[in-house]
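Trainee: Encoded as structure tokens, here's the structure I'll be asking about.
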Amino acid sequence: MSILIAVITLALIAGIFGIILGYASIKFHVEGDPVVDKIDALLPQTQCGQCTYAGCRPYAEAIANGEAEINQCPPGGETTILALADLLGVEAKPLNDEHGEEKAIATVAIIDEQVCIGCTLCIQACPVDAILGAAKQMHTVIEDECTGCELCVPPCPVDCIDMVPLKETLETWKWPLPDDAHTAPRT
Amino acid sequence: MTEHSNQLSNFHGGLKLSGHKTMSITSPISQAKIPAKVIIPLHQHIGDSGELLVKTGDKVLKGQPLTQPTSYVSAPVHASTSGTITEITEHKIPHPSGLSAACVVIETDGKDEWIELTPVKNYQQLDATDLRNIIRHAGIVGLGGAAFPTAVKLNPGPTHTIETVIFNGAECEPYITCDDMLMRERADEIISGIQISLHVLNSDNGIIAIESNKPEAIGALKQAIKKNNTTNIKVISIPALYPTGGEKQLIKVITGKEVPSNGLPADIGAVVQNVGTMAAIHQAIHFGKPLISRIVTITGKGVKKPQNLDTLIGTPMSELISQCGGYKENADHLVMGGPMMGFTLTTDQLPIIKGCNCLLVESSDDQQTQRRVMPCIRCGECARVCPATLLPQQLYWYASSKNFDKVQDYHLFDCIECGCCAYVCPSQIPLVQYYRFAKTEIWNLERDRQKSDHARIRHDFRQTRLEKEKQEREERLRKKKEMLAKKKQENPETADKDPKQAAIEAALARVKEKKEQAGINPKNVENLTEAQQKLIEEADSRRQQSKVE
Ligand code: SF4
Ligand code: SF4
Ligand code: SF4
């Protein structure tokens, strides 16, 4: 008899809690953080389109919709893939080399000012307005704004834009990983 | 004025190291010779480098500013002797990267002629801001090695009340003796600088902390205090335990309080200043002299006559070594700083900078029998000695596997890179190198993130701009069309024509009219043959006729 009472009581309690929880989940429903923003925040914003989308944000949208893989961004490379895998709770995979290779050293565009004819075609190509110039005037790249996307290189009719490695400075220099790293356990 | 060693606390861990200090204190501080040229890096401290004030070919006097500070955390550099600027160029500087940076090269004239100096007569009458400004313009930075602009450190801000001001004469790292010698020989200057600092910080009392293995320095400072009838400064002898001279460790020893993780000493009402910096403040206020020299310990088993040299900033290291009798046969490599926290240099053709307290020439017998790195055996020795109470073994794991989130969860940035953990590690793992690697890697990631945020904003802005331009274009086109439609209604004939075509025709008509009004200005009419002349005359007569008609 007492067992029966206990079972019924427990069942009742469980039922009441179930109702409360069900109600709470409707009443206190929060809009999930827009996942596109979170993905976009992890992309390098080079805006190069190597992922086959029109820029970083469209790629972020495609990932969120499940249309694109997380390993299509060469400028972001391994770091971005790991971060995306972590965010989305999926398995990391190596960069898909159909989209390009990760650059070992960051580069920026430089315009040969002797050759530039002032056609403005590169200005129209630059996704971050990093090129300064006007029709028939010499153009120049603002180094600090350049993301190194290389989009300005093909449109130039006189082939005067080069991608050069960014110079290492005291601020950007990094201590190397000691070369006995193999003794460290991998996590 | 009395010692309170009985009230001192201990910090966690630490090491008893053999000092190797006696070799460089056998002779008093000597003056380093003025070199043929001084090389002065524009950026020698944490913060922004200033704006250049000089150009190649300029004659400069000793103490003349070469840069002016451009922001709050910025310190200028000065000509350390008189001469002519021969070059402003990239030159190798003492930095673990071995990279070059912008330097002013001065060919010295040997006269060592000072610029006109303006000492402060009565500093008590100046307020803290003015004094900090003088200190900033004198280019004074922390001389203990970190080279943080002193004027910033002397401004804890209105939200902090400073109860404990500690003057750091611990000098706990082996081999280095520059502060020891300074305290012995220039105790008065230190006391004077301390009084100025206390005035700036609006604090009544100061404590000078010195390791107990420097009785002469303790004695000299006590005597200076007595001589000046000073009552607000006391000297405390602290146990010699590496790294007791670390800022947070010293605060723990003196006050018993812990500086919070990621916090500043000011958060618990403390400020720590190096004693050498105090002597520099004395020079700046009482004599108007900027920081253009410092005492450097040249020592180690690989140099012939170890000693302390009062050195002009910018003096090539090679000159100091030769003034110390040169290298010994067994000299192996050069270290800037001490054996625990210093870094190896690849050349001695580098200038002395403000933060350079010691040049250590290690000999081949200093090298422990070939470093054989073995896997970590999880003995926990490293955690036992870590003065920052970290878990170095965990830090090592996460740093080496590039797990930069986890390594920060284990407080990587509280690591002071003292090297205690690597020193005791039975597997001889170069632990600190892993922490340095991880720190610079994380800073770079952060910089990349800021850069990409910036690019995102610029890209969005461009998209909006393009969109707006497109709309405006469409709007214009629409208006034009409307107008054309209206015109067509009013005047169906002319409006039928393509507007472009109409415009061209109108322009041609205008040109024709103008030509006719102005008459003709013939060109290329010199040296004509008779036949040509005739043709022109015919044409002219035709034109006349058509006009008449
Ligand atoms: S300048 Fe060229 S490489 Fe640099 S961001 Fe613009 S388009 Fe890309
Ligand atoms: S001292 Fe060395 S071997 Fe021992 S736990 Fe620490 S890292 Fe591992
Ligand atoms: S180097 Fe860092 S981790 Fe190692 S003992 Fe010193 S503070 Fe601790």
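Trainee: What are the residues in the range B:391-434 that are surrounded by 24 or more Cβ atoms within 10 Å (Cβ to Cβ), touching a residue at least 60 places away in the same chain (Cβ under 8 Å) and away from ligand 2 (no atom under 13 Å from the Cβ), if any?
Mentor: B:C418
Trainee: Which of the residues spanning the range B:46-95 are under 18 Å from B:I292 (Cα atoms) and of a type in the set (K, R)?
Mentor: The answer is B:K59, B:K62.
Trainee: For the subset of the range B:414-424 comprising residues that are over 18 Å from A:L177 (Cβ atoms) and in a helix (DSSP H, G or I), which member is farthest from ligand 1 (Cβ to nearest atom)?
Mentor: Ranking the qualifying residues of the range B:414-424, first place goes to B:V424.
Trainee: To continue, here is another question. Looking at this structure, is B:L390 within 14 Å of another protein chain (Cβ to nearest Cβ) and either within 20 Å of B:P243 (Cα to Cα) or within 16 Å of ligand 3 (Cβ to nearest atom) (or both)? Outline the logic, then answer.
Mentor: Numbers: within 14 Å of another protein chain (Cβ to nearest Cβ): no; either within 20 Å of B:P243 (Cα to Cα) or within 16 Å of ligand 3 (Cβ to nearest atom) (or both): yes.
The answer is no for B:L390.
Trainee: Another one. Please work out which residue is nearest to ligand 2 (Cβ to nearest atom), limiting yourself to the range A:126-149 and to residues that are buried (at least 18 other Cβ atoms within 10 Å of the Cβ) and on the phi > 0 side of the Ramachandran plot. Talk me through it step by step, then tell me what you get.
Mentor: The initial filter retains those residues of the range A:126-149 that are buried (at least 18 other Cβ atoms within 10 Å of the Cβ), namely A:126-128, A:130-131, A:133, A:139, A:141, A:146-149.
Those left that are additionally on the phi > 0 side of the Ramachandran plot: A:133, A:148.
Values: A:G133: 56, A:G148: 39 Å.
Within the range A:126-149, the match that is nearest to ligand 2 (Cβ to nearest atom) is A:G148.
Okay, residues lined up against (1) assigned by TED's automatic domain parsing to the domain that holds B:L484; (2) modelled with pLDDT of 75 or more; (3) over 30 Å from B:K481 (Cα atoms):
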| position | (1), (2), (3) |
| --- | --- |
| B:Q501 | yes, yes, no |
| B:A507 | yes, yes, no |
| B:V525 | no, no, yes |
| B:K534 | no, yes, yes |
| B:E549 | no, no, yes |
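Trainee: For the range B:437-466, which positions are of a type in the set (S, T, Y) and out of contact with any Leu (no Cβ under 8 Å at 6 or more places or on another chain)? Before you say what the answer is, go through the steps one by one.
Mentor: At the first step, the residues of the range B:437-466 found to be of a type in the set (S, T, Y) are B:440, B:452, B:464.
B:T440, B:T464 - these are the residues of the range B:437-466 that are of a type in the set (S, T, Y) and out of contact with any Leu (no Cβ under 8 Å at 6 or more places or on another chain).
Trainee: Residue pairs, Cβ under 8 Å, 6 or more apart or interchain, first in the range B:31-48 and in the same structural domain as B:T108 (by TED's automatic domain parsing), second aromatic (F, W, Y) and modelled with pLDDT under 95. List them.
Mentor: Here the result reads B:H45/B:F148; B:I46/B:F148; B:G47/B:F148, each pair linking the range B:31-48 to a residue that is aromatic (F, W, Y) and modelled with pLDDT under 95.
Trainee: Continuing with this model, one more query. Would you mind finding the one in B:E90, B:E163 that is within 14 Å of chain A (Cβ to nearest Cβ) and not basic (K, R)?
Mentor: Checking each option against the conditions leaves just B:E90.
Trainee: Looking only at residues in the range B:448-476 that are surrounded by fewer than 14 Cβ atoms within 10 Å (Cβ to Cβ) and among the basic types (K, R), which one is farthest from the other protein chains (Cβ to nearest Cβ)?
Mentor: Ranking the candidates gives B:R476 first.
Trainee: What are the residues in the range B:410-434 that are touching a Phe, Trp or Tyr at 6+ places or on another chain (Cβ under 8 Å) and more than 8 Å from chain A (Cβ to nearest Cβ), if any?
Mentor: If we filter the range B:410-434 for residues that are touching a Phe, Trp or Tyr at 6+ places or on another chain (Cβ under 8 Å), which is where we start, we get B:410, B:412, B:415, B:417-418, B:420, B:429, B:431, B:433-434.
Within the range B:410-434, B:Y410, B:L412, B:C415, B:E417, B:C418, B:C420, B:L431 meet the criteria.
Trainee: Which residues, counting only those in the range B:168-199, are in contact with a strand residue (DSSP E or B) (Cβ under 8 Å, 6 or more places away or on another chain) and of a type in the set (G, A, S)?
Mentor: B:G169, B:A170, B:S197
Trainee: Continuing with this model, one more query. Is it fair to say B:F413 is within 27 Å of the chain's Cα centre (by Cα) and within 13 Å of ligand 3 (Cβ to nearest atom)? Reasoning before the result, please.
Mentor: Details: within 27 Å of the chain's Cα centre (by Cα): yes; within 13 Å of ligand 3 (Cβ to nearest atom): yes.
Yes, satisfied.
Trainee: Moving on. What number of residues within the range B:180-221 satisfy the criterion of being more than 22 Å from B:R294 (Cβ to Cβ) and assigned to a loop (DSSP other than H, G, I, E, B)?
Mentor: 6
Trainee: Output the helices (runs of 4 or more DSSP H) that fall wholly within the range A:2-107 and possess 2 or more residues being within 14 Å of chain B (Cβ to nearest Cβ) and either surrounded by fewer than 16 Cβ atoms within 10 Å (Cβ to Cβ) or not acidic (D, E) (or both), or say none. It would help to see each step written out before you state the result.
Mentor: Numbers: elements: A:2-27, A:35-42, A:56-64, A:77-88.
Filter on the range A:2-107 gives A:35-42, A:56-64, A:77-88.
Trainee: Which residues, counting only those in the range B:54-94, are farther than 26 Å from B:Q283 by Cα, not hydroxyl-bearing (S, T, Y) and not in a loop (DSSP other than H, G, I, E, B)?
Mentor: B:E87, B:I88, B:E90, B:H91, B:K92 - these are the residues of the range B:54-94 that are farther than 26 Å from B:Q283 by Cα, not hydroxyl-bearing (S, T, Y) and not in a loop (DSSP other than H, G, I, E, B).
Trainee: Within the set of pairs 6+ apart or on separate chains, which have a first residue in the range A:121-145 that is under 15 Å from A:M163 (Cα atoms) and within 12 Å of chain B (Cβ to nearest Cβ), a second that is of a type outside the set (A, V, I, L, M, F, W, C) and surrounded by 17 or more Cβ atoms within 10 Å (Cβ to Cβ), and C-beta atoms under 6 Å apart?
Mentor: The qualifying pairs are A:A130/A:E145; A:I131/A:H139.
The values are calculated or read from the model by the stated rules, or taken from the named source; none is laboratory data. If you're wondering where the values come from, they're calculated on a predicted model, not measured in any experiment. Cβ coordinates were reconstructed from backbone atoms using ideal geometry, including for glycine residues, and neighbour counts include every protein chain displayed.
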